[in-house]
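The values are calculated or read from the model by the stated rules, or taken from the named source; none is laboratory data. As the structure is a prediction and not an experimental result, all values here were calculated from the model. In this analysis, Cβ positions are derived from the backbone assuming ideal geometry, glycine residues included, and neighbour counts consider all displayed protein chains. With ligands, DNA and RNA removed, areas are computed over all heavy atoms of the protein, side chains included. Shrake-Rupley method; radii C 1.70, N 1.55, O 1.52, S 1.80 Å.
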Amino acid sequence: MAKQTKLSSRVALGGIVAGLCIVTMILSGVIPALYILAPMVAGFLMIILAEEVSTGWAWLTYTAVSLLALFVTFDKEAALMFILFFGYYPILRRKFEGITSNVLRWIVKYILYNVFLAIDFLLTTYVLGLPTYTEDGMIMAAATFVMFNFVFCFYDRILAQKDWFYKKYFVDRIIKRRG
């Protein structure tokens, strides 16, 4: 009986997180300025599953949300950003923290992120058909590339603070208040 309750709790938590992720992703189509922030927030929600259940369950939910995001979100570029990087990076980041060299850890993270940027650019340009930079092409592309790398640094720093927010605020104040 306890095993069924545990499984049903996992399924319920996975469903809640998946629902919140999808709602967040749909908001990117309603408020276009959220096309970068929505995938980041949806990815951040994966931490709940990785911490409370398991990384395997988080990967399963990421896969489900990725498939749903392709079909139900209005902003396909935001869905692509979630699928290609922001959805799985918070889960994978736990593995990166095992790299003892700080420099090597950042190099690996930035290589992964920049591969994502390149693939995202190619897919949004040639598959989704979104317009690219025409007048000052290379200068604007390079400036955007640099800007997105700063966004990644900011995002990674926020994920590093997840321990404070998740454990100290959410678990200690919200969950224990009810329990």
Is it true that Leu104 is modelled with pLDDT of 85 or more, more than 15 Å from the chain's Cα centre (by Cα) and not in a loop (DSSP other than H, G, I, E, B)? yes
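To keep it simple, each residue is scored yes or no on (1) modelled with pLDDT under 90; (2) over 23 Å from Ala42 (Cβ atoms); (3) open to solvent by less than 80 Å² (accessible area, probe 1.4 Å).
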{"site": "Val115", "(1), (2), (3)": "no, no, yes"}
{"site": "Val127", "(1), (2), (3)": "yes, no, no"}
{"site": "Tyr133", "(1), (2), (3)": "yes, yes, no"}
{"site": "Gly137", "(1), (2), (3)": "yes, yes, yes"}
{"site": "Met147", "(1), (2), (3)": "no, no, no"}
{"site": "Val151", "(1), (2), (3)": "no, no, yes"}
{"site": "Ile158", "(1), (2), (3)": "yes, no, yes"}
Report yes if some residue within the range 59-81 is touching a Cys at 6+ places or on another chain (Cβ under 6 Å) and open to solvent by less than 40 Å² (accessible area, probe 1.4 Å); otherwise report no. yes
The range 102-113, residues that are within 19 Å of Gly87 (Cβ to Cβ) and open to solvent by 40 Å² or more (accessible area, probe 1.4 Å): Val108, Tyr110, Ile111, Leu112
Filter the range 36-54 for residues that are assigned to a helix (DSSP H, G or I), surrounded by fewer than 19 Cβ atoms within 10 Å (Cβ to Cβ) and at pLDDT below 90 and give the result. Glu51, Glu52
So Ala78, is it closer than 21 Å to Phe121 by Cα and hydrophobic (A, V, I, L, M, F, W, C): yes
Do we have any residue at all in the range 33-54 that's touching a residue at least 12 places away in the same chain (Cβ under 8 Å), of a type in the set (Phe, Trp, Tyr) and under 21 Å from Ile119 (Cα atoms)? yes
